Each structure stands twice: as C-alpha cells, then as structure tokens.
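Have a look at the structure below before the remarks.
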Amino acid sequence: MLSRTIETLKYILQEYRFYFCIIIFLLSLLVYNRYEILIVEKKRLEIDKELYQLEVKSERRQKEYDEKMKQQQAEIERMIKEIKSHE
C-alpha cells in the first residue's frame, strides 16, 4: 500500500511538475508583493505622521501670528485713543 502511494506521488510529480512550479512561483510572487505592500504602507504612515506634525506646527504658528496681530491692533487703537484724548 505504501509503495503504491509512493508510486502514485511520483507519477503526479512527474506529470504535473510544471503546474507545481507555476503555483510555487505565483505563491512566491504573492508573498513578495505582500512584503512590498507592507513596506510602502510603513512609508505612507511615516509621511502621514510628518504631515500631521507640519500641520500642527503651521496651526500653532498661525495662532501665534493671529495673537500678535490682535495685540498690535489693540496697541494701535490704544495709541489712537491716547492721541485723540490729548487733542
């Protein structure tokens, strides 16, 4: 029984080795592509993180600029009132 199974396996391997090779090749391509996808995904996440940090910095700078503008506007208005009161 065991020898018959071995003979059957030998026959199958000889007859279908081309198909087995193709299947192995396609599976290796699948694994390789998945690996490449993971690398690209990791890079995308790093870029997203950098963009988020830049966005936060930009928002912070804009907020500081707006606060300075309000302070300068208030100072100018105070100076105008002071000049008008001395007239």
Those residues of the range 29-46 which are open to solvent by less than 90 Å² (accessible area, probe 1.4 Å) and more than 16 Å from the chain's Cα centre (by Cα) amount to LEU29, ASN33
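Conditions tested, residue by residue: (1) within 33 Å of the chain's Cα centre (by Cα); (2) open to solvent by less than 90 Å² (accessible area, probe 1.4 Å).
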site: GLN14; (1), (2): no, no
site: VAL56; (1), (2): yes, yes
site: ARG60; (1), (2): yes, no
site: SER85; (1), (2): no, yes
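The values are calculated or read from the model by the stated rules, or taken from the named source; none is laboratory data. Keep in mind that what you see is a predicted model, and the values were worked out from it rather than measured. Quick note on the areas: whole protein, heavy atoms, side chains included, nothing else; ligands and nucleic acids left out. Shrake-Rupley method; radii C 1.70, N 1.55, O 1.52, S 1.80 Å.
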